[in-house]
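We did not get these values from a lab; they are worked out from the coordinates using the rules stated. A quick note: this is a predicted structure, and the numbers were derived from the prediction, not measured. For neighbour counting, all protein chains shown are included, and Cβ atoms are generated from backbone atoms with ideal geometry for every residue, glycine included.
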Amino acid sequence: MTDSRSTPAHRGLWSSRMAFILAATGSAVGLGNIWKFPYVTGENGGGAFVLVYLLCIAIIGIPIMMAEVFIGRNGRHNPITSFRLVAERNLASPAWRISAIVGVLAAFIILSFYSVIGGWAASYVGHAAMGDFTGQSADAIGELFGGLLASPVTLLIWHTIFMALVVFVVARGLKSGLERAVTILMPALFVLLLVAVGYATTTGHFGEAVSFLFTPNFGALTVQGVLVALGHAFFTLSLGMAIMMAYGSYLGDDISIGRTAVTVSIMDTVVALMAGLAIFPLVFANGLEAGAGPGLIFQTLPLAFGQMPLGSVFGALFFVLLLFAAWTSAISLLEPVVEWMEDKLIFARLGSTILVGGACWLLGIASILSLNEWSGFAPLGMFERFEGNTIFDLLDFFTANVMLPLSGLLTALFVGWFVAKESLKSDLALEGASFTLWYNLIRFATPVAVAIVFVYNLLA
Ligand code: PHE
C-alpha cells in the first residue's frame, strides 16, 4: 500500500493556476458545447431551456466539479488511488473508490466513440477548405454526410488520425504534452470563436438568434427538456469521468479550488452561448431549421457555408475550431486512464499511453461499424428499451445515463457526508457564506437532483 503522504516520483504540477484553468476548460469545452448545446437548445425551444441549463450548472455542475478537484488534489494520485486515500484519511470505507473506478472506465469507453466523432470534424475541415459545400443543395450535403457514415474505411482513417493526435499529446506528459497543447489550442479556439460570432453579426439575423437563446418560452419546455439540461450540464463540464480528479491531482496546494472551479464553469458556459450566437444567425439567415437535431453541425451549417461569401474559409475555420475543442477534450479523457496505469507502474508514460490509446482505438471500431456494416445489430434488442440500438448507441447510453451520474452521485455523497468539514474548508478556500452554500448543495440539492435524473432516465 502506498503511504498516504508520498506521491509517485514521476508526478509534477501544473506550472500555474492558469495552466490548470486552460486544461480543465479545454476538457469542458468540446463537442458538447459546439455541437450538442446548440442543437438541444434548438430542439427544446431556446430561452427557457437555456435558463434551466444555467441553473443546473450552478446547482449540480459547479459543486461536483469542486468535489472532484478536491479528491484529486487531496489524494495526489490517479483518481482511483486518490479516492481510496481520501477515504482512508477520513476513516471511511475504501469501497467509495468505486466512484472513481466507474469514472475511469467511463472515460475509456467515451473516448472510443468521441474519437470517431472527432474524426468527422477533422474530415470536415478538408471538405470545407476544398469548397465541397459551395453552392450545394441540402440533399447533396446530406449525401456527403451519409456517405461518410456509410464508409467504414473513411471513418477508420479519420478515427485513427484523431486518436494519434490524442496519444501524441498525452504521451509527452503533463508539461510538454498537456500543458503545451492547451496553451496553444485554447487561445486559438477562443479567437476562432470570436471570428465566428463576429461573422454572425454581419448576417442581419443576429438579433433573432439572441432572442431565440435568451427569451424564455416556457411553453416549449418539457420534463424531458429539463432532464436533458441536467444531463448536459454534467457532460459539458466533463464530470463523472474522473477527469477533474486527474487534473486536480496536479494542482498546486496554494490554489483555491472553489474560485478555480467557478472560473472553469463560467468559461465553459460562455463558450456554449457564444457557439449558439455563432451558429443560429447562420441558421436563420439561410431559412434553415433550428431544431434539426444532431445534423445541425454536419448538415445544416455546411449548407450555410456553401451559400455565404468566403464560405470555404469560414467553413474550414469553423471545423478547425470544432476539431481543437474535441482534441483538448479527448486528451482529458485519456489522461485519467493513463495516470492510473502509470501510478500502478505497470508501464511508464509512453507505454501506458500507447497501450490505452490502442485499446480505445480498437473499441472505437465497434462504433464505426455500428454506423454501417453492423447498423442492424442490436445486442440488447430483446429489451424493448434498447430495440434498434447499435453498439454505438448503447455505449453512449450507458456512459451518459448510467456511469456518469452514478460516479457523480457517489462523489457528491462521499464528499458531502464522509469528508471532514475542516479539510474541505481549507482545500476549497471558500469564504463563510459561499462555503455554506456549496456545502448544502453538495449534501442535499446536488445528490437529489442527480438521483432524480438517474432514476428517470433508467425508467423512461
Ligand atoms: N465536456 C466535453 C464537451 O462538452 C465532453 C467531454 C465529455 C469531454 C467527457 C471529456 C469527457 O464536449
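Structural remarks
- As a rough guide to protection, the peptides 445-452, 322-329, 238-245, 37-44 ranked by mean Cβ packing within 10 Å, highest first, stand as 238-245, 322-329, 37-44, 445-452.
- Using every pair of distinct Cα positions in segment 113-239, the Kirkwood expression returns a hydrodynamic radius of 18.4 angstrom.
- Student exercise, the chain dipole from Lys, Arg, Asp, Glu Cβ charges, in Debye to nearest 20: 1220
- Taking every C-alpha pair closer than 8 Å and separated by at least 6 residues, the mean separation divided by the residue count of segment 311-391 gives a relative contact order of 15 percent.
- In the chain, Cα pairs under 8 Å separated by at least six residues give a relative contact order of 34 percent.
- Helices in the chain, meaning DSSP H runs of at least 4 residues, each add -39500 (n - 2.57). Divided by all residues, the mean residue ellipticity at 222 nm is -22500 deg cm²/dmol.
- Ranked packing of 125-138, 161-174, most packed first, by mean Cβ within 10 Å: 161-174, 125-138
- Whichever lysines have a C-alpha closer than 28 Å to that of K175, once near sequence neighbours (fewer than 8 apart) are set aside: K344
- With all pairs of different C-alpha atoms in the average, the Kirkwood value for the hydrodynamic radius of the chain is 22.3 Å.
- Packing rank of 300-311, 370-381, where each peptide gets the mean count of other beta carbons within 10 Å, highest leading: 300-311, 370-381
- The convex hull defined by the C-alpha atoms of segment 193-321 has an orientation-averaged projected area of 9.9 nm².
- Nonlocal amide H pairs with L239, under 5 Å, H built at 1.01 Å: none
- Alpha-carbon centroid distance for the pair segment 158-173 / segment 28-99, whole angstrom: 25
- Rg/Rg_ref, segment 47-105, where Rg_ref = 2.2 N^0.38 Å and atoms are Cα: 1.40
- Membrane-span-like helices in the chain, defined purely by DSSP H runs whose alpha carbon atoms cover 30 Å or more axially and whose average Kyte-Doolittle hydropathy reaches 1.6, are 98-129, 180-201, 257-285.
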